[in-house]
Amino acid sequence: MSKPQLILLGAPGSGKGTQASKLVSEHGYKHLSTGDLLRKEISEGSDLGKKVSQIMEEGKLVDDKTVLELLQKNTDLTSQSYIFDGFPRNIEQAKALDSEVLKDVSAKAVYFDIDFNVLIERIVNRRTCSKCGAIYNLATKPPQDPTKCDKCGGELKQRKDDNEETVKTRLNVFKEAIDPVLDYYESKGALEKVDATADEDTVQSQLANIINS
Ligand code: AMP
């Protein structure tokens, strides 16, 4: 049985990135994070990167057309099962993902269910390896050295938009747009949920059940 395309839906800090990297190593998925694609454009200094950097620093959404084009450029559904992480962010993007990217390919959407109150602390403590992308949390999953990756020795960095003020905006943006997206997948019979407050391994096994069901 071929794996379904997976669409991860969840607030910033709900654990989508951490779980996605495990799904990549254990189930052969390719991780497609629109946030990562946009940050790459910024670090390369491209025109697109220059256009979006201020918006991202403020925690607001980049326009749908720009993100959809970037996603299409990086997707080849004929050869790969993907984890869509950070897309769709609103109902327009959900519909565009179906009509412009997935077309007739089957997909499951998974909502990372979590109490928003715990997220601010999770996010401001998040650190990411600039070399291999491993994700740490200074409070709950600390690296041995707070500046270095345990896995590859790369430098650990805090994302520019992982500060308290921007996080509040990002959470509000998420809350305003998510309900219609969840309703959309529910009505198609394609919505699953995981308890994102559980520990990493428990969430991963919930995801494995969803992939195999
Ligand atoms: P993320 O890494 O998913 O937390 O995204 C970081 C930032 O990138 C967001 O706060 C937005 O500014 C931008 N972004 C990522 N994905 C999207 C998307 N699907 N639509 C609009 N903006 C996005």
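Brief remarks follow.
- Some residue of region 5-16 being among the hydroxyl-bearing types (Ser, Thr, Tyr), within 12 Å of the ligand (Cβ to nearest atom) and buried (at least 21 other Cβ atoms within 10 Å of the Cβ): yes
- Against the list (1) modelled with pLDDT of 95 or more; (2) of a type outside the set (D, E, K, R); (3) more than 8 Å from the ligand (Cβ to nearest atom); (4) part of a loop (DSSP other than H, G, I, E, B), the condition GLN80 fails is (1).
- Some residue of region 102-111 being within 12 Å of the ligand (Cβ to nearest atom), under 18 Å from SER21 (Cα atoms) and of a type in the set (Phe, Trp, Tyr): no
- Residue check for SER21: over 18 Å from GLU100 (Cβ atoms) and free of Cβ contacts under 8 Å to residues at least 40 places away in the same chain: no
- Candidate set: region 43-73, residues that are exposed (fewer than 15 other Cβ atoms within 10 Å of the Cβ) and polar (S, T, N, Q); chosen: the one farthest from the ligand (Cβ to nearest atom): SER46
The values are calculated or read from the model by the stated rules, or taken from the named source; none is laboratory data. Note that this is a predicted model, so its numbers are computed, not measured. For neighbour counting, all protein chains shown are included, and Cβ atoms are generated from backbone atoms with ideal geometry for every residue, glycine included.
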